[in-house]
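A.B. asks: Could you have a look at this structure, given as structure tokens, before my questions?
The values are calculated or read from the model by the stated rules, or taken from the named source; none is laboratory data. Quantities reported herein were computed from a predicted structural model and do not represent experimental measurements. Here the Cβ positions follow ideal geometry from the backbone for every residue, glycine too, while neighbour counts run over all protein chains shown. All accessible areas refer to the heavy atoms of the entire protein, side chains included, with ligands and DNA or RNA removed. Shrake-Rupley method; radii C 1.70, N 1.55, O 1.52, S 1.80 Å.
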There are 4 protein chains.
Amino acid sequence: MSVTKPSLKLTHAAALKALAEAVAYAESIGVPQNITIVDDGGNLLAFIRMDGAKLLSRETSMSKAITAASHRQPTSRLDPALELKLAIAGGGRLTNLEGGLPIIFDGICVGGVGVGSGTGLQDIEVARAALAAIGAEDQQP
Amino acid sequence: MSVTKPSLKLTHAAALKALAEAVAYAESIGVPQNITIVDDGGNLLAFIRMDGAKLLSRETSMSKAITAASHRQPTSRLDPALELKLAIAGGGRLTNLEGGLPIIFDGICVGGVGVGSGTGLQDIEVARAALAAIGAEDQQP
Amino acid sequence: MSVTKPSLKLTHAAALKALAEAVAYAESIGVPQNITIVDDGGNLLAFIRMDGAKLLSRETSMSKAITAASHRQPTSRLDPALELKLAIAGGGRLTNLEGGLPIIFDGICVGGVGVGSGTGLQDIEVARAALAAIGAEDQQP
Amino acid sequence: MSVTKPSLKLTHAAALKALAEAVAYAESIGVPQNITIVDDGGNLLAFIRMDGAKLLSRETSMSKAITAASHRQPTSRLDPALELKLAIAGGGRLTNLEGGLPIIFDGICVGGVGVGSGTGLQDIEVARAALAAIGAEDQQP
């Protein structure tokens with residue numbers, strides 16, 4: 001019997017780098033964003049709200065990040081027929097909105113990044129910029 | 001790097017005037033209302049519940065005001081295909097109900113007004129009366 | 001057996017007048033305040049946050065108003081030996097801070113007013129100005 | 001009647017810089033920290049949890065930041081005789097713990113920084129490093 005198993009954690013240095021490059025990308029496309037990074041327990045690791053980003057999209061970016069970390073896959077892959085039931089039964093945090101990506105290294109999910117305030121497509125692009133900044137596996141949504 | 005950027009805040013004198021004239025308008029059409037004014041951070045600035053207004057519509061008026069301030073546009077402009085997902089992932093405050101308008105001066109959103117207890121159309125009319133009272137930009141929903 | 005008993009409710013016209021005169025008094029002493037008026041069910045009836053008032057004192061003003069309405073007496077009359085236990089067991093809203101007064105007409109408590117952001121003494125003074133504005137019984141704290 | 005009054009907002013560029021330098025300082029003293037920056041409405045602007053920081057201190061850092069922004073002064077200046085009553089009546093966010101400083105430019109409070117996971121003194125030092133990074137007024141706690 002194995003009592004423990006090895007895991008990986010994202011460092012704060014990586015989280016800050018991911019934030020900074022995601023911000024730079026969002027600036028380059030002219031779309032202010034809320035960018036949330038959570039660990040594999042869904043706990044907040046890093047966050048930035050850009051000038052002019054929608055205030056309430058902080059919560060949607062958080063829900064996207066937590067969902068991606070929880071399910072270890074991009075958000076928006078749930079069965080649309082189930083998505084609202086899952087969202088409600090999941091305490092509100094389980095979302096099928098676009099813009100959440102898991103952060104995966106060596107096949108291990110160390111957390112999630114969620115982006116909110118743009119269109120779904122813009123949100124995904126900025127989340128991918130965060131992953132690219134730290135060399136995480138690219139997640140095609 | 002700019003460390004700060006200029007902004008505007010609504011005064012309490014203006015908030016009280018907006019409440020009073022919105023109440024007068026609601027009385028003139030015989031529809032008791034909950035009227036909520038929040039600042040640009042979604043924090044309560046002023047509120048009145050009129051005699052006979054529906055109790056729970058206080059919360060809807062608050063959600064409308066916060067959404068309008070957050071998104072800097074009238075409520076009810078979200079994509080209907082996303083509105084429920086956004087409402088849930090946004091923590092319940094992000095609503096697509098009619099009756100929330102941003103409060104904008106010189107192109108700067110200083111908050112939002114949300115009205116609830118009438119029909120959607122009545123709620124919008126009363127919110128517009130609040131904006132007119134203080135000379136804010138008229139927001140066609 | 002009496003099935004119902006007569007009661008009284010505060011009108012929104014009175015609530016707005018109380019707010020306006022409490023604001024005028026607070027301006028006259030140079031102390032920005034949060035002023036909350038609730039009905040006898042502890043439900044929000046009217047509110048104003050003045051320019052420069054402390055943001056978190058909105059919650060303390062609310063707790064004071066609800067406590068005064070609930071106990072039908074000024075806040076700060078609880079036994080200090082019990083006040084924290086009561087505050088916690090009371091869901092956080094039951095407070096012994098100064099600055100909450102019941103709104104009483106003809107011996108019937110129709111609600112409470114709570115004020116927060118100044119010193120305890122300033123908060124009481126502004127709450128008394130609200131009562132005076134509408135001819136409610138003066139409550140010596 | 002003035003309808004609006006001028007204000008200032010902290011930029012996200014400044015918030016990211018403050019985070020980065022506060023992290024560097026915390027690393028230099030070997031104390032992992034949670035560092036929270038909120039705007040003047042108490043809304044989250046930027047956050048980082050350092051490797052090894054205490055998980056629940058995220059909430060204390062948030063409460064410290066919000067309190068400093070709300071009261072426009074360093075935390076730990078409340079009357080100790082009132083601090084628990086204020087904390088409870090203030091909804092839990094109003095704290096007298098050390099480690100929260102307001103962010104002030106030109107006499108205008110644009111938000112607050114809160115730090116939690118070290119001793120009170122370490123928390124204050126890291127918060128001051130955040131202020132120094134962006135040239136905000138130094139707040140002696």
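A.B. asks: Of the residues B:ASP123, B:ASP51, B:ASP40, which is within 11 Å of another protein chain (Cβ to nearest Cβ) and more than 23 Å from C:LEU55 (Cα to Cα)? Can you show your working first?
C.D. replies: On the way: B:ASP123 fails: within 11 Å of another protein chain (Cβ to nearest Cβ); B:ASP40 fails: more than 23 Å from C:LEU55 (Cα to Cα).
Result of the check over B:ASP123, B:ASP51, B:ASP40: B:ASP51.
A.B. asks: Let me ask you something else. Run down B:ILE37, B:ILE66 and say which single residue is closer than 20 Å to C:ARG58 by Cβ, in contact with a helix residue (DSSP H, G or I) (Cβ under 9 Å, 6 or more places away or on another chain) and touching a residue at least 24 places away in the same chain (Cβ under 8 Å).
C.D. replies: On the way: B:ILE66 fails: in contact with a helix residue (DSSP H, G or I) (Cβ under 9 Å, 6 or more places away or on another chain).
B:ILE37 is the lone residue from the list that is closer than 20 Å to C:ARG58 by Cβ, in contact with a helix residue (DSSP H, G or I) (Cβ under 9 Å, 6 or more places away or on another chain) and touching a residue at least 24 places away in the same chain (Cβ under 8 Å).
A.B. asks: Say whether the condition of being open to solvent by 30 Å² or more (accessible area, probe 1.4 Å) and closer than 18 Å to B:ASN43 by Cβ is met by at least one residue in region B:118-140.
C.D. replies: Taking region B:118-140 and keeping what is open to solvent by 30 Å² or more (accessible area, probe 1.4 Å), we get B:119, B:121-122, B:125, B:128, B:132, B:135, B:137-138, B:140.
Filter again for closer than 18 Å to B:ASN43 by Cβ, leaving none.
Looking for residues that are open to solvent by 30 Å² or more (accessible area, probe 1.4 Å) and closer than 18 Å to B:ASN43 by Cβ, one finds none in region B:118-140, hence no.
A.B. asks: Yes or no: D:ILE88 among the β-branched types (Val, Ile, Thr), free of Cβ contacts under 8 Å to residues at least 24 places away in the same chain and closer than 25 Å to C:THR36 by Cα? Even if it seems obvious, please write down each step before you answer.
C.D. replies: Numbers: among the β-branched types (Val, Ile, Thr): yes; free of Cβ contacts under 8 Å to residues at least 24 places away in the same chain: yes; closer than 25 Å to C:THR36 by Cα: yes.
Yes, satisfied.
A.B. asks: If we scan region B:78-92, do we find a residue that is at positive phi and either aromatic (Phe, Trp, Tyr) or more than 10 Å from every other protein chain (Cβ to nearest Cβ) (or both)? It would help to see each step written out before you state the result.
C.D. replies: Here is the first cut: in region B:78-92, the ones at positive phi are B:91-92.
After this cut, where a residue has to be either aromatic (Phe, Trp, Tyr) or more than 10 Å from every other protein chain (Cβ to nearest Cβ) (or both) as well, the list is none.
Checking region B:78-92: not a single residue is at positive phi and either aromatic (Phe, Trp, Tyr) or more than 10 Å from every other protein chain (Cβ to nearest Cβ) (or both).
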